[in-house]
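A short reminder: the numbers here are calculations on the coordinates, not readings from a lab. Since the model is a prediction, treat every value here as computed from it, not as a measurement. Because the Cβ atoms are built from the backbone with ideal geometry, glycine has one as well, and the counts that use them run over all protein chains shown.
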Amino acid sequence: MTARILIVDDQPDIRKLIRLTLQHLEDAEVHEADNGSDGWRLAQDIKPDLMLLDVMMPGGLDGYQVCEKVKQHPELGANTKVILLTARAQQEDQEQGRRAGSDAYLTKAFSPLKLLDLVDDLLGRTV
Amino acid sequence: MPTASNPLLVLLDLVPSPLLLFNPDGRVAFSNRAAQGMRARPVLSLPGDPNVRELVRAIGGGKIVMQTDIEVQVNSDEGIETLRCDCAPKPIAGLVAMAVTEVAAPPPAAAGTDAVPVGAADEENRRERLSLQQIMALIKADLAEPIGAVLDAAQTQPFPAPDAGLSGPVLTLRERLDRLSDLIDVFGEDVLIGEERMLLPELARSVCQELTPLAQAQGVSFIIDGEQADLPPVYGSRRLIRRALRECLHNAVEHVHPAGPGGPPQAVKIGFHAAGTHLLLSVRNLGVLTAPTLTRYANGLFQAGPAADQDTARAPAALRIGLPLTRRILQLHGGRLKVEDDAGELHVMLELPAGAPLRNTHHLDLLQAQIYAEDLSKLMARSRRTA
């Protein structure tokens, strides 16, 4: 079954890198948004199986807030897995990610292989 | 490296910063679009520079080098230009990656003045602030013990009650030292403000709580209204933003019109509003001060100009220091302070950019590209396996 994946990151090169990485997945449909508010709107629209959310985004909702909204949403909450992507590696930042309900927390710069393993794991696939 | 099918090179071409990949012998193996568009033509000029060659050979040869960035002067159509070259500390797929940026030329010195070397003014500025910070830290450390002792003595007096008459001024003294300390921290051009995440309503509520005794003594109440759900966070220095809010709310409480006998208590109203990519925190009161007066104080202190007039110099420190400090803190965070009168009601608005600051993640991009390159062959193998 095709997995719908939504990337939300303000940096185009990071979005591109994630997209290039996800090309190595079987049956994945990848969508993108470049800010939290658009990401949240798109998530309600396409109901992704997985979201890759940057934490720090300028201009509006940040990754923690979008994650909270997704996890509190009646339809998305149980069905959408969330990976927070961030350059913030402090313990308290990870704790905040857990409080927001994220399923995983990946620190930038990340290994694409590790990302793929994580995505497979969260989507319940085996490599 | 074939360009069309290599995802790493596709990726590097998308990076907005100029990037070069060198063979370990110092020849350029790849340059991205941004590098090719540079006026200084680094593809032609950098391989001929002995310092660049040495740095590339050291990194390419796996030798650990302490310094991976250098400045190089090259000839361009516009004359001599300085380029800063930052190298990734490890080769990517056997190649040495270098990010190139143009270093802005110093402005021409005015006639009759001495030219200042690039970076010297910044360094001087940093040193001056550092010495001010050290002096402030010494003053605070020196006074901490006697202030603590006086406070303890005032609060443990058995009769008739804790000496509010004494502890009040001591607390004020401590607060003023903190304000001066914050003032020193925001002087200069190279102030680092950090990237702490804050939710303004939370921070404002905590400041209101801290100011409640003062507000009660003045017969003033705080009313927090306006949209609060879905407000984006603010990133920066929590301590400094808190200082800005405190100064603003403190002023609003202190300069409110006194309530008439038997009349309703006066209120300081705090509102929040998201406006595009900015957040507005507004503080409204029926105050004794006018917008032009507050604007005059807010614009003082950090601006070069004639010394303060006598009227300004006599003003309370909260206005003389607090307001310009608030304005400066907002400015450092990419925001601004606005003051308006509206039918006798004073509106002080603190505007801050919503969300994280715009980033220059140049180094992260390079590091990320390096990790990607290291994983590339395994990714390909994985694809073949799953296919």
### Query
What shape does chain A take by its C-alpha gyration tensor, where a ≥ b ≥ c are the square roots of the eigenvalues and a/c under 1.5 counts as rounded, a/b above b/c as prolate, and the rest as oblate?
rounded
### Query
Using the Kirkwood radius built from alpha carbon pairs, what does the Stokes-Einstein equation give as D for segment B:10-102 at 25 °C and 0.890 mPa s, in µm² per second?
189 µm²/s
### Task
Could you work out the relative contact order of segment A:15-127, using alpha carbon pairs under 8 angstrom and six or more residues apart, expressed as a whole percent?
24 percent
### Query
Tell me, B:27, B:246 in order of fewest to most beta-carbon neighbours within 10 Å?
B:27, B:246
### Query
When Lys and Arg each count +1 and Asp and Glu each count -1, what net charge do the other residues less than 12 Å away from residue B:222, Cβ to Cβ, add up to?
+1
### Task
Check each of the GluC sites (Glu not before Pro) in segment A:28-104 and keep only those in coil by DSSP with at most 12 other C-beta atoms within 10 angstrom; list them in order.
A:75
### Query
When you look at the Cβ of every residue in B:246-257, what mean number of other chain Cβ atoms sits within 10 Å?
0
### Message
If neighbour count is taken as other Cβ atoms inside 10 Å, put B:198, B:98, B:380, A:1 in order from fewest to most.
### Response
A:1, B:380, B:198, B:98
### Volume of the Cα convex hull of segment B:169-244, divided per residue and given in Å³
108 Å³
### Message
Stokes-Einstein diffusion coefficient for segment A:64-113 at 10 °C in a medium of 1.306 mPa s, Rh from the Kirkwood formula over Cα pairs: what value in µm²/s?
### Response
141 µm²/s
### Pairs of Cα atoms farther than 16 Å apart, segment B:20-65, %
36 percent
### Task
List B:206, B:282, B:377 from most exposed to least, where exposure is judged by having the fewest other Cβ atoms within 10 Å.
B:377, B:206, B:282
## Note on the structure
Summed over the other residues with a beta carbon less than 12 angstrom from that of residue B:27, with K and R at +1 and D and E at -1, the charge totals +1
### Message
Binning at 5 angstrom from zero up to the longest distance, how are the C-alpha pair distances of segment A:1-71 distributed in percent?
### Response
4, 19, 30, 24, 16, 6, 1, 0
